[in-house]
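**Student:** My structure is below; once you've seen it, I'll send some questions.
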């Protein structure tokens, strides 16, 4: 699964997600211009670009936070509209946000299940099934090889533990695509390799990952394909084997026009 | 393989954090302060530690405590409801007016509660759906509801409560098993709210909205509905308190509940509700209201000029917030 060499061949199969001519403008500012690409099941794609290149806007469109100003999104050939984050989640897209979107005053387990709490009982007397949530969250953390304890408040946690909580959340549903916005920006070197391991494990399970990162080594360590954005447009979309950090740097800065 | 040593270590870890967590709760420290003050006052004044004074004090803080429970929910979402005193006035006047017109008690209570809920619905709608600041919206409602109370009552006092007057007066002024009815109402409300906060998804969502609204929205928490619900709850508790206090006093004027919002907010904050959101408890609301009333009562018993009461209560509010800040800083 992880050793497919011909990305071009993969693209012939039905893609999981397809963006066609996506535009997004905020007032007069054109944040994303005519962006089209596909993501196949189990594919790890690095999305790179300078600050303001449109990476976050693109993620927000795919996550259902912003409606695109123009263009179409298809999932397995069917046109979809995400007007709320919940819609994207129902379609198998999960996001790990840069600020992780955690509530400091809730426990790790309650954060994992936030918005989709497990309940027991019936009718109007449904109460939280916290014990099961602690158990499931504990299993997820163990799977992620994290020392996070499900009952601890997020407020008391280290950067790596918080990261684990945010990633564990994406594992609850049968996610098929995980968008990771700068997952390694705020954590230590040891924790970075943990996140890289995690991405490989996700890929092994057939889950596609779109990795948005500033860190060239991270992207080259796990990605099969790389997409470079500059000023809201795609300037490169190619197998990572056919590229190099030097080329990508050139593409990001504009030293290389297009590849 | 999990060996038992690891398990005990795990249990010890959990145990110590549980104790730490308990010690970190402001409500616990306020309870300690409450007990110390009670013991001190017991020595200082012969009439303090009497059954009569005790039931007097509990009755007094029950009316405030009931609303403090609703206020705590609002404060946990990082909101504020300044309109509760006025809503209480409107609700009491409407209830009194309907009863005075000869309607049965159910109609009077329903009218009182519905008028309160209407105020809460307006607050909630403007805050949740139009994203207006809770401070400004509820400040406006403070003025509107008080004015409506004047309009509805035409500045008259109501002291005749129709065919069911006996039941109505008994409801607010009576007692059961030696505990006054408003105190029962407070205990039941606090228990229900405490249960909802800790054991339902709604409770988690209330905390989530106050802790990180953006995160709550992104994870699919119905943020707008949650905000709406807390302002409805806050107004409902103001209505319940109004109906009980009118029955207890046996009369109502449009000045009912004037400046109560300050004591209610003070109770919630002293009880550990954090105005920065995400923190607060039902127990805290009750204990905060109790502390304020005990201080008032104690000062009175100690022969301190009642003009000083406001100053002492104000100092306690500031101290509570200051302690909270100091503790936060030490944690960081």
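**Student:** What does the C-alpha gyration tensor say about the overall shape of the range B:175-332? Classify as rounded when a/c is under 1.5, otherwise prolate if a/b is larger than b/c, or oblate.
**Tutor:** oblate
**Student:** Over the range A:105-173, what is the relative contact order in whole percent, taking alpha-carbon pairs under 8 Å and six or more residues apart?
**Tutor:** On the way: 83 pairs, mean separation 28.3, N = 69.
In percent, rounded to a whole number, it is 41.
**Student:** Now a separate question. For the range A:149-242, would you read off the P(r) tail past 21 Å as a percentage of all alpha carbon pairs?
**Tutor:** Counting every Cα pair in the range A:149-242, those more than 21 Å apart make up 37 percent.
**Student:** What distance in nm separates the simple spin-label points at residue B:39 and residue A:244, each placed 7 Å from Cα in the Cβ direction?
**Tutor:** 7.8
**Student:** Another question about this same structure. So for A:157, B:244, A:196, fewest C-beta neighbours within 10 Å to most, what's the order?
**Tutor:** A:196, A:157, B:244
**Student:** Taking only Cα atoms, what is the 0 to 90° angle, nearest 10, from helix B:223-249's long axis to the longest principal axis of chain B?
**Tutor:** With both axes taken from Cα atoms, the answer is about 50 degrees.
**Student:** Over chain A, what lengths in whole Å, largest first, do the semi-axes of the equivalent ellipsoid take, defined as the square roots of 5 times the eigenvalues of the alpha-carbon gyration tensor?
**Tutor:** Equivalent-ellipsoid dimensions as semi-axes: 32, 21, 17 Å.
**Student:** Sticking with this one: Enter the mean projected area of the convex hull around the alpha-carbon atoms of the range B:165-244, in nm², rounded to one decimal. Working shown, then result.
**Tutor:** On the way: hull surface 25.0 nm².
It is 6.2 nm².
**Student:** Across peptide A:126-136, what mean number of C-beta atoms from other chains lies inside 10 Å of a residue's C-beta?
**Tutor:** 2
**Student:** What do the square roots of 5 times the Cα gyration tensor eigenvalues come to for the range A:105-173, in whole Å, largest first, as semi-axes of the equivalent ellipsoid?
**Tutor:** On the way: eigenvalues 98, 28, 18 Å².
Whole-Å semi-axes of the equivalent ellipsoid: 22, 12, 10.
**Student:** Express in whole angstrom the spacing between the alpha-carbon centres of the range B:191-206 and the range B:220-252.
**Tutor:** 16
**Student:** Just checking the output field for A:152-158: average partner chain Cβ neighbours within 10 Å of each residue's Cβ?
**Tutor:** Per residue, the number of nearby Cβ atoms from other chains is 3 on average.
**Student:** Sticking with this structure for a sec: Kindly provide log₁₀ I(q)/I(0) values, in the same order as q = 0.17, 0.18, 0.27 Å⁻¹, from the Debye equation applied to equal alpha-carbon scatterers of the range B:76-151.
**Tutor:** For the requested q values the scattering log ratios are -0.62, -0.68, -1.14.
**Student:** Taking only Cα atoms, what is the 0 to 90° angle, nearest 10, from helix A:189-204's long axis to the longest principal axis of chain A?
**Tutor:** For A:189-204 against chain A, the angle is about 80 degrees.
**Student:** Provide, as a two-decimal number, the C-alpha radius of gyration of the range A:207-250 over 2.2 N^0.38 Å, N being how many residues it has.
**Tutor:** Dividing the Cα Rg of the range A:207-250 by 2.2 N^0.38 Å gives 1.08.
**Student:** Kindly rank B:194-202, B:220-228 from highest to lowest mean number of other beta carbons found within 10 Å of each residue.
**Tutor:** B:220-228, B:194-202
**Student:** Would you give the gap between the C-alpha center of the range A:107-162 and the C-alpha center of the range A:165-231, rounded to a whole Å?
**Tutor:** Here the two parts' Cα centres lie 22 Å apart.
**Student:** Where does the range B:28-331 land on Rg(C-alpha)/(2.2 N^0.38 Å)?
**Tutor:** Dividing the Cα Rg of the range B:28-331 by 2.2 N^0.38 Å gives 0.99.
**Student:** Could you line up A:76, A:43, A:18 from fewest to most neighbouring Cβ atoms inside 10 Å?
**Tutor:** Values: A:76 14, A:43 24, A:18 19.
Neighbour counts put them in this order, fewest first: A:76, A:18, A:43.
**Student:** For Cα pairs less than 8 Å apart in space and 6+ apart in sequence, what is the mean separation divided by the residue count of chain A, i.e. the relative contact order in percent?
**Tutor:** About 25 percent, as a whole number.
**Student:** Could I have the simple spin-label model distance between residue B:50 and residue A:90, label points 7 Å from Cα toward Cβ, reported in nm to one decimal?
**Tutor:** Roughly 6.6 nm, to one decimal.
**Student:** Under 10 Å, Cα contacts only: if you run a Gaussian network model on chain B, which one of B:132, B:142, B:218 comes out with the highest mean-square fluctuation?
**Tutor:** B:218
**Student:** Packing-wise, with mean Cβ within 10 Å as the measure, how do B:104-116, B:83-95, A:25-37 rank, highest first?
**Tutor:** The packing order, highest mean first, is B:83-95, B:104-116, A:25-37.
**Student:** Expressed as a rounded percentage, what relative contact order does chain B have, with Cα pairs under 8 Å and six or more residues apart?
**Tutor:** With pairs under 8 Å counted, the relative contact order is 31 percent.
**Student:** How well do other chains shield peptide A:91-98, expressed as the mean number of their Cβ atoms within 10 Å of each residue Cβ?
**Tutor:** Neighbouring Cβ atoms belonging to other protein chains average 1 per residue here.
**Student:** Can you give the helix-only mean residue ellipticity at 222 nm for the protein assembly as shown, where every DSSP H stretch with n ≥ 4 adds -39500 (n - 2.57) and the sum goes over all residues, rounded to the nearest 500 deg cm²/dmol?
**Tutor:** That comes out to -18000 deg cm²/dmol.
**Student:** Rounding to the nearest 10 and keeping the result within 0 to 90°, find how far the Cα-based axis of helix B:282-301 lies from the longest principal axis of chain B.
**Tutor:** Value to nearest ten degrees: 60.
**Student:** Determine how many Å³ per residue the convex hull of the Cα atoms of the protein assembly as shown encloses. Kindly include the intermediate steps, with their values, before the conclusion.
**Tutor:** Working: hull volume 116.3 nm³, N = 591.
So the per-residue Cα hull volume is 197 Å³.
**Student:** In the P(r) worked out for the range B:135-199, what percent of Cα pairs fall beyond 14 Å?
**Tutor:** 75
**Student:** Taking the mean number of other Cβ atoms within 10 Å as a proxy for protection, how do you rank A:140-149, B:248-257, A:104-113 from highest to lowest?
**Tutor:** In descending order of packing, they fall as A:104-113, B:248-257, A:140-149.
**Student:** Something else: Wrap a convex hull around the Cα atoms of the range B:246-289, take a quarter of its surface area, and give that in square nanometres.
**Tutor:** 3.9
**Student:** Tell me the label-point distance for the pair residue A:142, residue A:193, using the 7 Å Cα-to-Cβ offset, in nm and rounded to one decimal.
**Tutor:** 2.4
**Student:** Counting other beta carbons within 10 Å of each Cβ, put B:58, A:253, B:77, B:72 in order, fewest first.
**Tutor:** Ascending Cβ contact count within 10 Å gives the list A:253, B:58, B:77, B:72.
**Student:** Of the DSSP beta bridges with both residues in the protein assembly as shown, give the percent that are antiparallel, rounding to the nearest 5.
**Tutor:** Antiparallel bridges: around 60 percent, rounded to the nearest 5.
Where a number appears in this text, it was derived from the coordinates with a stated rule and is not lab data. This is a predicted model, so every value here is computed, not measured. Here the Cβ is made from the backbone with ideal geometry for all residues, glycine too, and neighbour counts use every protein chain on show.
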